[in-house]
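Below: the structure, in structure tokens.
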């Protein structure tokens with residue numbers, strides 16, 4: 001378990017709270033020369049100093065912590081943003097729709113509003129989402145935001161860090177509770193901390209209808225991690241501000257670019273965490289247009305197709321006249337068979353393209369390749385992890401059938417890699433080398449001797465009872481072992 005340091009200006013500043021062995025004064029922290037850098041590099045630092053301005057004491061606490069390779073909250077980057085309103089405005093520009101929504105619901109009243117935020121929490125439940133967003137965008141333990149009503153709506157007029165000593169009695173209670181939730185390590189016994197060497201977070205969405213891993217698989221990941229000395233915790237998007245507490249992030253929620261999964265992956269990578277799915281893999285895999293162009297450029301077999309641009313809609317009938325039907329029309333970022341339409345005629349192509357162009361400037365039109373099943377080859381760190389067949393839903397041409405608000409899927413079978421046609425394995429490994437060394441699921445079709453890559457998933461399903469049908473618990477051990485190897489490599493590099 002990684003050690004924690006709570007840095008305050010003076011020990012007396014902590015008097016309203018329970019004593020903690022993790023507490024250290026700013027003077028002692030700055031004077032401390034770690035004797036064991038390999039251990040110090042894993043330390044988490046919470047900087048509660050009052051003077052966080054450039055070259056002030058609190059600024060040096062964050063600066064020196066980062067120089068030592070420690071994870072500190074707030075980071076120097078956050079402090080630099082807080083010192084410049086233009087950077088704050090740029091970072092918080094995305095809050096405008098939320099402010100408008102809060103105003104419509106009557107959560108914002110009067111001409112000004114002052115909101116105090118402690119580790120992403122506040123006293124007004126109606127403003128909890130706003131507090132969380134502020135902390136996610138600018139992770140600082142204590143913030144005070146002032147909002148003002150203007151002619152075009154509510155706007156942020158001031159944002160500053162708060163000293164610990166400025167909190168009133170009721171705010172002190174909230175601070176203690178928020179700190180406890182933010183960093184449960186504060187109250188753990190030394191024995192519990194020594195039990196695990198690393199902390200890994202698994203990002204999930206408990207409400208997701210088709211999650212990448214079912215509950216049983218998540219339990220297996222937790223057990224496998226703990227067998228290797230990794231404390232595994234389940235987190236949600238609400239825990240974005242806690243990422244610096246962990247050594248690694250494993251995303252088990254369906255990813256997208258304009259989405260919190262991508263933002264959290266980027267933040268975790270910036271904090272120095274080992275990340276699967278890493279931001280680059282998300283960027284490269286979630287867009288079918290990008291993958292189509294990439295596979296064709298690298299001469300990897302994929303379905304024949306062409307890109308359609310919204311501005312060329314008027315010329316679509318001429319293009320459609322030369323095509324052989326049926327074909328498949330896809331939006332770039334569809335998932336689980338959504339946003340994919342089978343096209344039977346020129347007239348249907350024009351009709352469906354008009355509808356789909358409303359959400360995307362580019363569409364991908366590909367040849368229709370009917371098969372009884374698709375191969376899904378799981379690849380991790382450049383090695384085959386599992387091999388499954390996903391069969392088409394009964395009476396349907398896709399694996400998933402969405403109808404009347406319900407989702408039906410076909411069957412599956414999982415096979416030892418040596419039973420998979422070598423051409424399928426070869427194509428899968430060749431395709432993933434274009435993306436990175438993360439965890440991928442390559443979907444392929446085999447028609448006679450022809451093998452084509454349909455898509456590469458950065459966030460492949462790993463469900464208990466399906467993908468682990470051959471390897472059992474060893475599948476989860478192998479994934480956690482890759483995390484362990486990478487976390488240890490990061491620690492060695494920090495030395």
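Please report the antiparallel percentage of DSSP beta bridges with both residues in the chain, rounded to the nearest 5.
70
State the extension gain, in nm to one decimal, for the chain segment bounded by residue 471 and residue 169, taking 0.36 nm per residue of separation less the distance between their alpha-carbons.
Result: 103.2 nm gained on full extension.
Highest first, please rank the peptides 377-387, 12-22 by the mean number of other Cβ atoms sitting within 10 Å of their residues. Please list the in-between numbers first.
On the way: 377-387: 20.6, 12-22: 13.1.
The densest-packed peptide leads the list: 377-387, 12-22.
FRET efficiency for residue 236 and residue 53, Cβ-Cβ distance as r, R0 = 35 Å, nearest 0.05?
My answer for the efficiency is 0.55.
Per residue of the chain, what 222 nm ellipticity follows from adding -39500 (n - 2.57) for every DSSP H run with n ≥ 4, rounded to the nearest 500?
Details: 17 runs with 164 residues, N = 495.
Computed ellipticity for the chain at 222 nm equals -9500 deg cm²/dmol.
If one takes the longest principal axis of the Cα atoms in the chain, at what angle in degrees, from 0 to 90 and to the nearest 10, does the Cα axis of helix 288-297 lie?
Once rounded, one gets 70 degrees.
Just order 70-76, 362-368, 123-129, 147-153 by mean Cβ neighbour count inside 10 Å, highest at the front, would you? Provide the component values of the computation, followed by the final result.
Details: 70-76: 22.9, 362-368: 19.3, 123-129: 14.1, 147-153: 12.6.
Per-residue mean Cβ counts within 10 Å order the peptides as 70-76, 362-368, 123-129, 147-153.
With everything on Cα atoms, drop me the angle between helix 169-182 and the longest principal axis of the chain, reported from 0 to 90° to the nearest 10.
40
Which FRET efficiency value, to the nearest 0.05, is calculated for residue 447 and residue 216 with the Förster distance at 35 angstrom and r the Cβ-Cβ distance?
0.50
Enter the angle in degrees (range 0 to 90, nearest 10) between the Cα long axis of helix 128-137 and the first principal axis of the Cα atoms of the chain, meaning the one along which they spread out most.
Between the helix axis and the principal axis of the chain, the angle is about 90 degrees.
Ranking request for peptides 160-168, 218-226: highest mean number of other beta-carbon atoms within 10 Å first, then the rest in descending order.
Top to bottom by mean Cβ count within 10 Å: 218-226, 160-168.
Starting from the Cα gyration tensor of the range 210-274, multiply each eigenvalue by 5, take the square root, and state the resulting semi-axes largest first in whole Å.
One finds semi-axes of 20, 16, 9 Å for the range 210-274.
Suppose R0 equals 41 Å. What FRET efficiency, 1/(1 + (r/R0)^6) with r the Cβ-Cβ distance, do residue 12 and residue 107 give to the nearest 0.05?
0.65
Describe numerically, in nm with one decimal, the distance between label points set 7 Å from Cα along Cα→Cβ at residue 324 and at residue 124.
About 6.5 nm separates the two model spin labels.
Taking the Cα-to-Cβ direction at residue 423 and at residue 488 and moving 7 Å from each Cα, how far apart do the two end points lie in nm?
4.1
Report the paramagnetic label zone for residue 280: residues of the range 438-482 whose backbone N is under 14 Å from a point 7 Å from Cα along the Cα-to-Cβ axis.
Within reach of a label on residue 280, which here means backbone N under 14 Å from a point 7 Å along Cα→Cβ, the range 438-482 contributes 438-439.
Only the coordinates and a few stated rules stand behind these numbers; no lab work does. Keep in mind that what you see is a predicted model, and the values were worked out from it rather than measured. Backbone-built Cβ (ideal geometry, glycine too); neighbour counts: all protein chains shown.
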